[in-house]
Amino acid sequence: MATLSQPATRGTAGSHDRAVIRVEDVHKYYDLGETRVHALRGVSVAIERGEFVAIMGASGSGKSTFMNIMGCLDKPTSGRYLLEEIEVSGLTKKELAAIRNRKIGFVFQGFNLLSRTTAQENVELPTLYAQISKEEGQKRAKDALELVGLGDRMLHFPSQLSGGQQQRVAIARALVNQPSILLADEPTGNLDSRTSVEIMEVFQKLNDDGLTIVLVTHEGDVAQFAKRSIQFRDGTIRRDEAIQNRPVASEVLKNLPTLED
Amino acid sequence: MDVLAIIRIAMRALARNKLRSSLTMLGIIIGVGAVIAMVSVGQGAQQQAQQQIAAMGSNMLFVGSGTVTRGGMRMGWGATKTLIYDDMVAIQRECPAVSAAAPGSQSSAQVVFENDNWATQLSGTEPQYFSIRTWLFQEGASFSQDDVETAANVAVIGETVRKNLFGATDPIGETVRINNLPFKVVGVLAAKGTSAAMGNDQDDIIIVPITTLQKKITGQNWLRWIVVSAVSREASYTAQQQITALLRDRHRIRSGQDDDFMVRNLADMADLADQQAQLFTVLLASIASISLLVGGIGIMNIMLVSVTERTREIGIRMAIGATEVDVQQQFLIEAVVLSLVGGAIGIAFGLAASYVITQTLQWPVLVSPAAILAAVVFSMAVGIFFGFYPARKAARLDPIEALRYE
């Protein structure tokens, strides 16, 4: 696997307190007619460079709302959110789009690839919105696909790829603009257990290379592959702790039977 | 994001749904095709009308005997007997804007040649009539001024008469009988076709010296009309004024009284025919435009369906960094590409239709580059207009909602 240069590996010395993500007392309300839903009730957290955080919690715990705010898809009702020391809540929609494009890589549960579009073109998509030249975009897409082990499937359509392969394409797409952080929302939710571990292997590898990863999941065994776990309940953080005895995905895979049919 | 990349994305999106894209384009194809074909037909008619009037001689003026009221009954044009040969001589002599004039009288006649006979219009005039009307001969020549002096039994026939009476026989030198009098055919006029201004067959005519007609057939000594040639097209209005003043004087019409004659200016008639042809073009084009409008609504319909169907795609694009403007441009360009490609095919279709109309209906057709340019601009405008709302709808989607859309 080739190594993708990450912002995390460049010039971060001497900035220990410079968190990639700093959330301070964030609240989020949704007004649904008469009733007001209080989705986040004062969340404060800091995520440093090179961390691998699993965000856990039942549905309705506020973890998805938190994820959307971190991903700049949504704005907090009150509180501060700083992404690489930039106050996000004051930005326009257009500026938020630019941040999503350059600083954040999304991986979704349902892969969310464009159908009838090759893996290569799917991965290139973020470069189109980043004013990157076509040649450079193609080169980066190729590198990113090789990084996730799909260098030989670049011209396949999503329908010709397995679920695990589709998720790898999605990861490559998230990496192509060299973001500060990778946000994965239930990335293994649609995958069988072996493929889930394979995806976690990719994440661990990327994290070892310096990429900051935030993973939202409700599966405890998937969260185990991260370095830190944050538990959400009723819109607040219940528990925030380092994960002990973290398994190495590539080791786990050796002991799992291969499902070949 | 640069426009080329957006166009590429739009083309790819359209190519993914080829059947739907082509059906959507069909509306625009038919619309633009119809507009081009109809405008071509209209402009062809306009050009033909202008040519015909030019062929009649655009300097020409027509003086007709006027109307009269007898016992409260208005008799219509040609009822007065006051327009006489001397008026024609006076017009020639006293109006400086007039270069030539020819008298005319007419009747209808049954013309017989051997076993065939044909009812036609019989006119009597003098030889300069043919030059004033710029009417050429396909065979033979006009009768002479001598024939007029002697009231000779000679005749010039129009193409329609020749076709109906003679068929393959050469008519020159043959004798036809008009109202049982024998006439020698001395000339056959070149075909002029149907008059656009008056709508009658100008070739269905037989022309004899005016003296012959007046003395031997009608027994009338007044004129039905005088054709006049002005010195130039611009002078035809002056000539009209001069003739009117002269004839009012000669006919002793006091001021306040109506003319007992009428003067028609062919330049007026040319304008009138032009206006009619233009109206015809506008009418045809507006009917055709309706189909273009329907085509545009079709585009809007499909674009709205497409936006709903691709809500998730829009969500993905926004999540990975597309701005509202990017999304709006993408859908707008899809609509414009649909309408422009449809417009281009429609132009080909319209040209083909124009060709078929010329070939099968023998209608004159004039394809103007302006109409093609207008079609391109118009179809693009249709794309922008009808694509705007769906594109805006797409751009306004909330990315979180869009990503959750099933």
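Read the figures in this text as sums done on the coordinates, not as results from a lab. Computed from a predicted model, the values in this text were never measured in an experiment. Every residue, glycine among them, receives a Cβ derived from its backbone with ideal geometry; neighbour counts consider all protein chains shown.
Return a whole-number percent for the relative contact order of chain B, with Cα pairs under 8 Å and 6 or more residues apart as the contact set. Kindly include the intermediate steps, with their values, before the conclusion.
Numbers: 778 pairs, mean separation 119.8, N = 406.
With pairs under 8 Å counted, the relative contact order is 30 percent.
Ordered by residue, what ³J(HN,Hα) values in Hz, to whole numbers, does the stretch A:75-80 give under the Karplus form 6.51 cos²θ - 1.76 cosθ + 1.60, where θ = phi - 60° and Gly and Pro are x?
Coupling constants for the stretch A:75-80: 10, x, 5, 8, x, 10 Hz.
What are the principal axis extents of the Cα atoms in chain B, in Å, biggest first?
103, 56, 39
Can you sort B:225, B:363 so the residue with the fewest Cβ neighbours within 10 Å comes first?
Numbers: B:225 23, B:363 14.
Listed from fewest to most nearby Cβ atoms, that is B:363, B:225.
Distance between Cα centroids, the stretch A:189-235 to the stretch A:35-60: provide it in whole Å.
15 Å
Quick check: the angle from helix B:324-361's long axis to the longest principal axis of chain B, C-alpha only, nearest 10 degrees?
30 degrees
Which percent, to the nearest 5, of DSSP beta bridges fully inside the stretch B:81-259 are antiparallel? Before the final figure, lay out each step's value.
Working: 27 of 36 bridges.
Just about 75 percent of them are antiparallel.
Taking every DSSP beta bridge that has both residues in the protein assembly as shown, what percent is antiparallel when rounded to the nearest 5? Walk me through the numbers before you get to the answer.
Values: 62 of 88 bridges.
Bridges in the protein assembly as shown that DSSP calls antiparallel: roughly 70 percent.
Excluding residue B:265 itself, what net charge comes from residues whose Cβ is under 12 Å from its Cβ, given Lys and Arg +1 and Asp and Glu -1?
Values: positive: B:233, B:264; negative: B:234, B:268, B:271.
For residues surrounding residue B:265, the net value is -1.
Could you run the Debye sum over the Cα atoms of the stretch A:116-178, one equal point scatterer each and no solvent, and tell me log10 of I(q)/I(0) at q = 0.23, 0.30 Å⁻¹, two decimals?
-0.82, -1.32
Can you list the residues, at least 5 places off or on another chain, whose amide H is less than 5 Å from the amide H of residue A:109, using H built in the peptide plane?
A:185
What distance in nm separates the simple spin-label points at residue A:253 and residue A:236, each placed 7 Å from Cα in the Cβ direction?
About 4.1 nm separates the two model spin labels.
With θ taken as phi - 60° and the coefficients 6.51, -1.76 and 1.60, list the Karplus ³J(HN,Hα) couplings across the stretch A:34-51 in order, rounded to whole Hz; mark glycine and proline as x.
Listing the rounded values in order: 6, 8, 10, 9, 9, 7, 10, 10, x, 9, 10, 7, 10, 10, 8, 4, x, 6 Hz.
I need the phi-derived Karplus couplings for the stretch A:55-61: 6.51 cos²θ - 1.76 cosθ + 1.60, θ = phi - 60°, integer Hz, Gly and Pro marked x.
9, 10, x, 6, 5, x, 7
Taking 7 Å along the Cα-to-C-beta vector as the label spot, tell me the residue A:24-residue B:169 distance in nanometres, rounded to one decimal.
Each label point lies 7 Å from its Cα, and together they span 11.7 nm.
Starting from the Kirkwood radius over alpha-carbon pairs of the stretch B:208-275, derive D by Stokes-Einstein at 25 °C in a medium of 0.890 mPa s and give it in µm² s⁻¹. Before the final figure, lay out each step's value.
Working: Rh = 14.3 Å.
Result for D is 171 µm²/s.
Given 5 Å bins starting at zero, what is the percent of C-alpha pairs of the stretch A:104-261 in each, up to the one with the largest pair distance?
2, 9, 18, 21, 20, 14, 8, 6, 2, 0
Please check chain A for the longest run free of GluC sites (Glu not before Pro) that are loop-located per DSSP (anything but H, G, I, E, B) and have at most 11 other Cβ atoms within 10 Å. Kindly include the intermediate steps, with their values, before the conclusion.
Working: sites that count: A:34, A:85, A:260.
Looking at chain A, A:86-259 is the longest stretch - no exposed GluC sites (Glu not before Pro) with at most 11 other Cβ atoms within 10 Å.
Would you mind checking which residues have amide H under 5 Å from residue B:139's amide H? H placed 1.01 Å from N; only 5 or more apart, or other chain.
For residue B:139, the qualifying residues are B:188.
By count of other Cβ within 10 Å, fewest leading, how are B:320, A:47, A:55, B:253 ordered? Spell out each step's value before the answer.
Details: B:320 26, A:47 20, A:55 29, B:253 17.
Ranking B:320, A:47, A:55, B:253 by Cβ neighbours within 10 Å, fewest first, gives B:253, A:47, B:320, A:55.
So, in chain B, how many Lys pairs have Cα atoms under 26 Å apart, if the pair is 8 or more places apart or on different chains? It would help to have the intermediate numbers written out before the result.
Values: B:18/B:393; B:81/B:215; B:81/B:216; B:163/B:184; B:163/B:192; B:184/B:192; B:184/B:215; B:184/B:216.
Total qualifying Lys-Lys pairs in chain B comes to 8.
Considering only the other residues whose Cβ falls under 9 Å of the Cβ of residue B:138, what net charge follows from Lys and Arg at +1 and Asp and Glu at -1?
Neighbourhood net charge equals -1.
Count the net charge of all other residues whose Cβ sits under 13 Å from the Cβ of residue A:87, scoring Lys and Arg as +1 and Asp and Glu as -1. Let's see the in-between values first.
On the way: positive: A:22, A:75, A:80; negative: A:24, A:84, A:85, A:95.
Here the charged neighbours net out to -1.
Using label points projected 7 Å from each Cα along Cα→Cβ, tell me how many nm separate residue B:258 and residue B:220, to one decimal.
Calculated label separation equals 1.8 nm.
What residues qualify as long-range amide H neighbours of residue A:50, i.e. H under 5 Å apart, gap of 5 or more or another chain, H built at 1.01 Å from N?
The answer is A:212.
Sort B:290, B:205 so that the residue with the fewest other Cβ atoms within 10 Å of its own Cβ comes first and the one with the most comes last.
Details: B:290 12, B:205 20.
Ascending Cβ contact count within 10 Å gives the list B:290, B:205.
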